[in-house]
Amino acid sequence: MGHKNPSKFRKKIAAPFQTLNNFFSTDPEDTPLGESFSAAIDSPKDLLPHVDSLRKHLIRAFIVLFLGVLLSLAFSRQILDALTAPIGGLDLLEAIEVTEPMSVVMRVALLTGFTITLPYIALEIWLFIAPGLKVKPRLWGLVFIPLATLLFAGGMAFAYYIMLPAALPVLLNFMGIQTTPRPASYIRFITGLMFWLGITFEFPLVIFVIAKLGWIKAKTLASQWRIAVIVIAVIAAVITPTVDPINMMLVMGPMILLYLFSTLLAYLAQT
């Protein structure tokens, strides 16, 4: 008995490390996608463990997001001061509805909470997908998580420091009409702009993953650049808060550069 207990203890200590080593050194069975899909149709019960796993990952991600929102609520005043600095501060906003200030605070807390918990949410997504990937893509996933966070934050920073200073003077004095913005409309405008530009800046990472999976080629991206510019122009027109071409070009410029960068990443993914 005296010899067995230390042995069991060592095995318990070593088990998590052994599992981690197997996770990063063992490839899954190489089953064609069509065959896997056919097997899932023939035996739907085989999908239940995957559905249960997805549920657990989503629950954990939601809990962390909820905690991030609560933390953001504690600093909501400071965040609102920063978001309203481009128009001269929070005092310049005038609410006309009873529930307007509360809805504004909740919207800001949700966006901030999502931003600060994005690395963990991305980690949960990766943990769900990783068992079906080969070893190299699993390792790449650990690089993508911080990179995805940096790209999202970069898009938000671009919206705040570049887009807003250029767009707000036009919006607040369009046709010489002085505008007094409401908290709800202003915060909806600025958070929407920051969020969608943050998502747009994830494009190179998405293209790299798709190219790594073999779903798209760098040559295709390079040859279809004209269509890409048209699509980017449409997206920029939707995202841009004003109708003037200057602000639209401010959005299109970085998006075109991101497309070129994505083409380079697609080429690297294929080598």
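The values are calculated or read from the model by the stated rules, or taken from the named source; none is laboratory data. Source: prediction; values computed, not measured. All Cβ positions, even for glycine, are placed from backbone atoms using ideal geometry, and neighbour counts span all protein chains on display.
A few points about this structure:
- Top-ranked residue of region 159-186 - restricted to ones that are aromatic (Phe, Trp, Tyr) and surrounded by 18 or more Cβ atoms within 10 Å (Cβ to Cβ), ranked as farthest from the chain's Cα centre (by Cα): Tyr186
For (1) more than 13 Å from the chain's Cα centre (by Cα); (2) in a helix (DSSP H, G or I), each residue gets a yes or a no:
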{"site": "Glu94", "(1), (2)": "yes, no"}
{"site": "Val105", "(1), (2)": "yes, yes"}
{"site": "Val108", "(1), (2)": "yes, yes"}
{"site": "Thr117", "(1), (2)": "no, yes"}
{"site": "Leu142", "(1), (2)": "yes, yes"}
{"site": "Thr149", "(1), (2)": "no, yes"}
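- Out of Phe189, Phe144, sole residue that is surrounded by 14 or more Cβ atoms within 10 Å (Cβ to Cβ) and touching a helix residue (DSSP H, G or I) at 6+ places or on another chain (Cβ under 8 Å): Phe144
- Any hit, region 120-127, residues being among the aromatic types (Phe, Trp, Tyr), modelled with pLDDT under 90 and in a helix (DSSP H, G or I): yes
- From the list Gly89, Gly113, the lone residue that is of a type outside the set (D, E, K, R) and on the phi > 0 side of the Ramachandran plot is Gly89.
- Those residues of region 196-220 which are surrounded by fewer than 20 Cβ atoms within 10 Å (Cβ to Cβ) and either small (Gly, Ala, Ser) or touching a Pro at 6+ places or on another chain (Cβ under 7 Å) (or both), in sequence order: Lys212, Gly214, Ala218
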